[in-house]
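As structure tokens, the structure follows; a few thoughts come after it.
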Amino acid sequence: MMSKKTILKDFLAYEKLLYIKFANPINEDEILKKSFEELGLKDDFSYKLKYFQDKSFAYVFLCKYEDILDIDYIIPEPLLFEVYFKNNTNSENLALLFKEKYIVLVEYLGCDFQNCKVMPLNVYDKIYNEKLKNTYKHIISIDDTQNLSSFDKFNSNIFYQKLLKNCDQVKINFTNKEKINHLKSFSFKILLAFVCGVLLALAYPLYLYTQKSFYENEKTKYENLIKKQDDILEQVKINQKQNQEFKKL
């Protein structure tokens, strides 16, 4: 009996991610173009871009290829909480990710990711804590070592392993086992357009030169033909004159 393959899973921390979202409708080319433009990225060959869409928005996550491990599933940290909030349907839920200098607010509607935004750590106080409590139904805090919030607290080292274990379906998987397709990168499309433009710029003078050569050859051909006809006509005239002179004799 064959042993069941162990599926390796890990997450990519928010500090190694770039995130942006766009209103629908938007197509893939627009997502590629706008993501790199609005995030100020010049070298998109170094970044892997993944996105998913619902009826209202396209949610885009990017990371550097060098940060991706070669395992089965690599899930962006903000998307880990789908599993935790799966029973809290139709309610506004929030996960607070406490980082060294800032807090990431990850918003969910039920178990569906909605958005994530960042606020400075020193801005969080009791007033803001109460504001969150009145806005969201379920709130959890991750790595709140300073005990700034009043919500259920979890240690990411333990809690995330439990979430990963139950992540059977994910909206975004950054795994590096997928074949890198530079043909879909925005830089490649810009480069391709530039090369096509250069080739067209080179081809057009060649086309004009070819056309000019063709017409010049045709002109020479007809000029030679006319000259030949003139020579024949001249010879005919000479022959007629000789015949007339012969008859006089």
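Got a sec? Which of 121, 97 is surrounded by 17 or more Cβ atoms within 10 Å (Cβ to Cβ) and touching a strand residue (DSSP E or B) at 6+ places or on another chain (Cβ under 6 Å)? Write out each step before concluding.
Working: 121 fails: surrounded by 17 or more Cβ atoms within 10 Å (Cβ to Cβ).
Going through 121, 97 in turn, the sole match is 97.
In this structure, does residue 19 turn out to be in contact with a Leu (Cβ under 8 Å, 6 or more places away or on another chain), closer than 27 Å to residue 102 by Cβ, surrounded by 16 or more Cβ atoms within 10 Å (Cβ to Cβ) and at pLDDT 95 or above? Break it down stepwise before answering.
Numbers: in contact with a Leu (Cβ under 8 Å, 6 or more places away or on another chain): yes; closer than 27 Å to residue 102 by Cβ: yes; surrounded by 16 or more Cβ atoms within 10 Å (Cβ to Cβ): yes; at pLDDT 95 or above: yes.
Answer is yes for this residue.
Which pairs do you get when a residue that is closer than 17 Å to residue 121 by Cα and at pLDDT 95 or above, found in the range 85-105, comes within reach of a residue that is in a loop (DSSP other than H, G, I, E, B) and of a type in the set (Phe, Trp, Tyr), reach meaning Cβ atoms under 9 angstrom, with the pair 6+ apart or on two chains?
Cβ pairs passing all conditions: 94/136; 94/151; 95/84; 95/85; 96/124; 96/151; 98/124; 103/124.
Quick check, is residue 42 free of Cβ contacts under 8 Å to residues at least 12 places away in the same chain and either within 12 Å of the chain's Cα centre (by Cα) or over 24 Å from residue 137 (Cα atoms) (or both)?
Numbers: free of Cβ contacts under 8 Å to residues at least 12 places away in the same chain: yes; either within 12 Å of the chain's Cα centre (by Cα) or over 24 Å from residue 137 (Cα atoms) (or both): yes.
Yes, satisfied.
Take residue 42 and decide whether it is at pLDDT 90 or above and either over 22 Å from residue 156 (Cα atoms) or surrounded by 15 or more Cβ atoms within 10 Å (Cβ to Cβ) (or both). Break it down into steps so the answer makes sense when it comes.
Numbers: at pLDDT 90 or above: no; either over 22 Å from residue 156 (Cα atoms) or surrounded by 15 or more Cβ atoms within 10 Å (Cβ to Cβ) (or both): yes.
Taking the combined requirement at face value, the residue does not satisfy it.
The values are calculated or read from the model by the stated rules, or taken from the named source; none is laboratory data. Fair warning: this is a prediction, and the values are worked out from it, not measured in the lab. A quick note on method: Cβ atoms are made from the backbone with ideal geometry, for glycine too, and the neighbour counts reach across all protein chains shown.
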